[in-house]
Each structure stands twice: as C-alpha cells, then as structure tokens.
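To start, the structure itself, in structure tokens.
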Amino acid sequence: MPGMDESPGDAGAVHDVLGTVLADTVRRTGASIGAVYLIEEAEPVLRLVALSGLPPDFAAPWERLPLTAPVPVADAIREGRLIWVGDQDEMARHYPRVAAVLPYEFPLAAIALSGVHRCWGGLVLTWPADHPREATPRERGHIASSARRLARLLDDAPRPPALPDHPRVVPTEAPHHPSQTGMAAADYLERLPEGALSLDLDGVITFLTTTAAQLLGRDAERLLGTRPWQALPWLDDPVYEDHYRTAVVTRAPLSYTALRPPDQWLTFHLYPDTSGISVRITPGGEQSAPDPPARPAATVTPTGRLYQLVHLAAALTETVSVRDLVDLIADQVLPAFRAQGLVLSVADAGRLRISGVRGYPADVIERIDGLPLDTELTPAGQVLASATPAFFTSPAEMARAYPQAPRISDKQAWAFLPLVISGRPVGCCIVSYHQPHAFTADERAVLTSLAGLIAQALDRARLYDTQHNLVHGLQQALLPRALPTVAGLDVAARYLPGSHGVDVGGDFYDLLRLDDTTAAAVIGDVEGHSIAAAALMGQVRTAIHAHATAGAAPDQVLARTNRLLTDLDTGLLVSCLYAHLDLSRDEVTLASAGHVPPLLCEGPDHARVLDVEPGPLLGIDACACYPVTRLSLPDDATLALYTDGLVEVPGTDLTQVTTALAKQLADTHGHDLEARIDSLVRRTWPGGRHTDDIAVLLIRVARTPSTAG
C-alpha cells in the first residue's frame, strides 16, 4: 500500500497511515470532514481514532459510541452497508439524536471497514451543505473503495492497533508558507474600507486587518490568538459561537449582525473552507435585529458546553439499564469534564447503595457502600437532603467542610451531585479528579443541569432492571432446566434474550426422550414479546410434550397442537419445527409450521440448509396439515435447530445469512457443541448485540457400540 511498509512495526505506524489514507479519502471524495472509528476488542464500543476537517472539541461527544448507538456509523457496521443521509430532514427522521446535537445542513455517509476475517470499524464522511442530496454511483464507489483500502491496511497490520484516548487530528492539505504573494494579499486587504480577519477551524483569530481591529474596538495584538466570543464581551453569547460552528460543519457561507455597544451595528460574513474561515466585517446592517439578551459573564454557558449538554441529554434518554447508565456517564460525562472517577449510588431504605463505579479500587467501594444517608463521612447525604450540589476543589476544602470524613481514596477534587425527582431522593452521583480542580461557573451549571437528567435516567433504569429480572426469571422458568440424557446423542442448547426491551420473548426449545432409540427435538417462536407470548409458549411446550410422549407422529404432533391454539384464540401465531430422531433407523423425520429451515452438518465441508416443506404457522387454520420430510442421519452428523433471531439481520439477505451459517457449522465440525453455538452467534452478530431473542439447539449423533444397532 502506498505510504506504508508491508509490515508496519507498531501501532503508531498504523495510525500514521490511517491518518494519511483518511486525508486522501477526504480529498478524493470532495468531503469536508472525515472520521475513522475502530471497534474496541474488549467490549462492543466504537472509538474515534482519526479526524479530519473538524476541531477535536466538536467531536468530543462522539469519541466513544456503543455499537448499538442510534447513529449512522453504528448502523453501517451492524448492517454491513453504506448509510447515506442526504440532508437535515432525513437525519431528523432516522437519527433524531444526531440531528438534535448537530442541527446543521450537511450530507453524511457511513460505511463499515470490513476486512477479510472481521469488521474493524467504520468510516464517516460529511460534505458541505451545497452538496446534492443524493450521492452519485461514482461517489458511492469512491466511498466503498476508501473503506476497503482502510480495511486492508488494518488486515495487513501484524496485530490490532492500540486505540488512543483521543483521536488523531489529520490535516487535509499542506500548511501554507509565507511568500511575497501572501504579503501582497495582506497589503490588499489593508487598503479595503471594510474589515477582514481569518479564523482557523478552532475559531482562533490568525490574521486581521487594522480596519477589522478598529471595527471590533480592540487592538490587533490583543485579538490575535483569541476566539472572538472570548475576547469581546459583546460577542460572548452562544448564538454567535453557533454561527461559527455552523460554518465549520456545513462549509456554507453565512452572515449575521451583532451590536457593538453602545450603538454600532456590524455585519459579519463568514466564508469557510477546509483550512479555516475568512470573515468580512462591514459597518451597519439590520439595526432591527434583536439585541442578544444580556447576562452576567459568570453565568454564560459556552456553546461547547451547551452542545455537550444537549448530546448527553439525548444519550441519557436512550439508556435502558443501570449498567447502561453507568457506562454512559463513565464514557461520555467523565471525558467531557476531564474527570477520572465516578460513583453512582441509589437511595435505598435510608442508605446509599453503590450501583456503579469507575476509577476506584474495590476496597474503597466496600468501605462506602451502604452508608446511611445521615452519615457525616461523606457529603452525599447532605446534598441529597438539601437537593444542592457540593463542589470541593481540593482535599483541604473537603476537610474544612467535613472534618470527620476520612481520606478513603487518592482523589483530589469532587463534585457531589444530588439525584432528586420531584423532591424524592433517587441517589447521588460523585464525579472526582486525580488532581485539584477549580470548577468554573459553567461547569457547575452544566453538572447541576446534568444531575436532573441523570436522576430521571436512573429512576427509569432501576424500574427497567426490576422488570427485566422479573421477566427473565419467568422466561427461565418456562424453558427446560436441563435437557435429558439420550443415549447416542450429544446435545447443547442456548437461549439469548434480545439486547433491547424488557418484554419476555416467546422462543422455546425442548428435547424429549421417547424410548431407548428415539427422541424428539422441538424449537419454536411465539409471535411478539410479552407476558402473553411467554404464557402461550408454555402452553405450546406442554401440548407438544403430551402429544409426542403419547406416540403421535411428527405431523400429528403439530396438527393437534395447532388445533389447541386455534381453540384458545389468543391472536398470537407460533412457528415451530419438530424433529423425530430414530437412531435405530439412522433417520430423522421433520415437520415444520412455518419455521426457519434447520441445518445438517455431516462432516468438515459438508453442511447444508435442509429443504423442509413447511406447513402454516400454528394458530391460523384448525384443519391445517403439516408435510413431513425424512432424511438419513449418519453417525457424527450434527442437526442445528434455531429461531429466526439468529439469521434475520437488517439489510441482509436471509438466504445468504443462512447459507453462511451452514458453512460456519461445517468449519467447526469436531469442536465442542457449546463452542459451536458461540461461533454461530458470533458469525451473524459479531458485536454480540442482537435485537431479537435467539434460541439454538444442536444435536450430534454419537453412537456407542450398544446403540449402533
């Protein structure tokens, strides 16, 4: 690959070339912003490792993303396809969280970095606002080829690269060098009757004319190297900084009018490109423009913090469990405030029970878990009682306020945030620092606002966890506790609940020993995710068990169970696959009620999807008939039964996924059955975050001399 040795020596070399390829991709595609995400191996999280065309502060809320996050790059990786979002309206429809945090007009593309054996991550590109809403086939081809190029780079690396804490910022063009032409341009600008200044992508003033300094009312030396909204109090309003952000993200020219006190109106014209923003300042303008509301400087929330709060608020609404909430705070809130420690406690029966922690050793947590709310060993109880946060910038300040509190950790600064809903204490969130930290006014304001959002999220998450534990217990009670031992068969089963939602699923499986040489295997899926679906699942299992042990043939087992369901008239449909295994005849007889086809592996490189003629789903027609299919079942063959949650992947072809699953079953021939189930699940859901329930039942013929016949 150009610009890279065949075997890069270390992770740094890989990241260098990743940056080079990203910059080249941005130039070749005409994009304005590019980003590369890699998947963390330890957990299903995306880490932003390279960024081009955008200041790193803009990307701070997006540095770490769960693979299940409702964002384009996560969808592109999960679905294995190019995601194109043409404009802000489309973004708001499909990705409302992204649209809320980035309310700008720009097209976006996201695509997975799919290597030979694994998906490495994803590539994100955005274009200026004037780009057409639809991507051309040629553009799509460039995007896909760039993704393949990045994936090959990662495939060729000797080992997966270590992921940096923060993304590497990659310039898209070579830096400019001073020249006579540049001096002439500066002289030209000085002669103009209007002001001119230049901002880099971080918003810092890198050049301004004498006229610009005069119009802004500040010496040029005092403005160079500063941001306008920080150096000029009358521009210190989120509205004005947002104009700059809009220009950077959309790369579209814009203008706005501002009042320089007491009565001088100025119009700012912004012209952005990949290197920065040129600003033209003219006196006058629309004097009817509203005067930005005056506010004390100490209470101004900079736009960066404001967007951080909007982003975190949107993310908090999507947390489901307490664990999700802890991960979100640790992965996004702590980096946003440059903190290193977190303790999340819930108020329970007059005590603070720790629900999540980051950055503390286990012995410290043991000492503070379960402390009473009225303890003087920590400010947590007092801040909950008063519903007022407490900030301690150093251990000395903590000691003055709480002289009886022992030093139980090496932290040097703390923010104690009460989590209260309508006067009801929910818990306490402690954010801490390794070094003394002076909390600015805007940090205190944003953390205080964030505490209210965390309180609501924690309350919802605790309710979810309670419901989830209840329905999970119900699900486990309805599934077989253990599969019976059948001579001549090795069996393994797995039930995996869906990654989202608290409703119990209707997937089920069973294995029945009928006599010394016959057994029955069954797998099915009740429509929906509800208590009613689970209850019906229990009834179906019982009916199948009764008819099978009474000696009914496979087609009659399904037909009689079907009549029961139509009599019950639950309104729910059931798919089911019944397999009668006769070891004395070396055959299996299959009957299907609209279920996904099973797989049969007869040895290495010999696996196939079985062609089983299906009958209708159970519960539709009381008189339905169910065809039977008879197949030979040789020694060492493995029969795989599963539910549709294993193979129904959004954006993929069901037949292709099922065929690939059969190949995976053959590739693992000879392995332990539990390991083979693991490989089947990982083959379809590499991130481990499936959205539907999955049930898998593997049956391997393993005859002993006494059962060989």
Out of the residues in the stretch 421-433 that are modelled with pLDDT under 90 and not in a loop (DSSP other than H, G, I, E, B), state the one that is surrounded by the fewest Cβ atoms within 10 Å (Cβ to Cβ). Arg424
Is it fair to say Gly645 is within 17 Å of Tyr509 (Cβ to Cβ), in contact with a strand residue (DSSP E or B) (Cβ under 6 Å, 6 or more places away or on another chain) and either small (Gly, Ala, Ser) or surrounded by fewer than 18 Cβ atoms within 10 Å (Cβ to Cβ) (or both)? yes
Per the list (1) modelled with pLDDT under 95; (2) part of a strand (DSSP E or B), residue check on His580 breaks on (1)
From Ala129, Ala69, Ala60, grab the single residue that is open to solvent by 30 Å² or more (accessible area, probe 1.4 Å), in a loop (DSSP other than H, G, I, E, B) and not acidic (Asp, Glu). Ala129
In the set Thr561, Thr570, Thr542, the lone residue that is assigned to a helix (DSSP H, G or I) and surrounded by fewer than 23 Cβ atoms within 10 Å (Cβ to Cβ) is Thr542
Subset of the stretch 629-642 [buried (at least 19 other Cβ atoms within 10 Å of the Cβ) and not in a loop (DSSP other than H, G, I, E, B)]: Thr638, Leu639, Ala640, Leu641, Tyr642
Residues satisfying the stated conditions in the stretch 434-444, i.e. part of a helix (DSSP H, G or I) and buried (at least 18 other Cβ atoms within 10 Å of the Cβ): Glu443
Among residues of the stretch 560-584 being among the small types (Gly, Ala, Ser) and on the phi < 0 side of the Ramachandran plot, the residue farthest from the chain's Cα centre (by Cα) is Ser584
What residue, among those in the stretch 8-36 that are small (Gly, Ala, Ser) and open to solvent by 20 Å² or more (accessible area, probe 1.4 Å), is modelled with the highest pLDDT? Gly30
Kindly check whether there is at least one residue in the stretch 110-120 that is assigned to a loop (DSSP other than H, G, I, E, B), modelled with pLDDT under 85 and open to solvent by less than 80 Å² (accessible area, probe 1.4 Å). yes
Restricting attention to the stretch 446-460, report how many residues are under 14 Å from Ser345 (Cα atoms), in contact with a Ser or Thr (Cβ under 9 Å, 6 or more places away or on another chain) and surrounded by fewer than 23 Cβ atoms within 10 Å (Cβ to Cβ). 1
Flagged pairs (Cβ under 7 angstrom, 6 or more apart or on separate chains; first in the stretch 631-644, touching a residue at least 60 places away in the same chain (Cβ under 8 Å); second part of a strand (DSSP E or B) and among the small types (Gly, Ala, Ser)) are Asp636/Gly603; Leu639/Ala579; Leu641/Ala521; Leu641/Ala579; Tyr642/Ala695; Thr643/Ala695
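The values are calculated or read from the model by the stated rules, or taken from the named source; none is laboratory data. Model, not experiment: these values are computed from the prediction. All Cβ positions, even for glycine, are placed from backbone atoms using ideal geometry, and neighbour counts span all protein chains on display. Please note that ligands, DNA and RNA were not included when accessible areas were found on the heavy atoms of the full protein model with its side chains. Shrake-Rupley method; radii C 1.70, N 1.55, O 1.52, S 1.80 Å.
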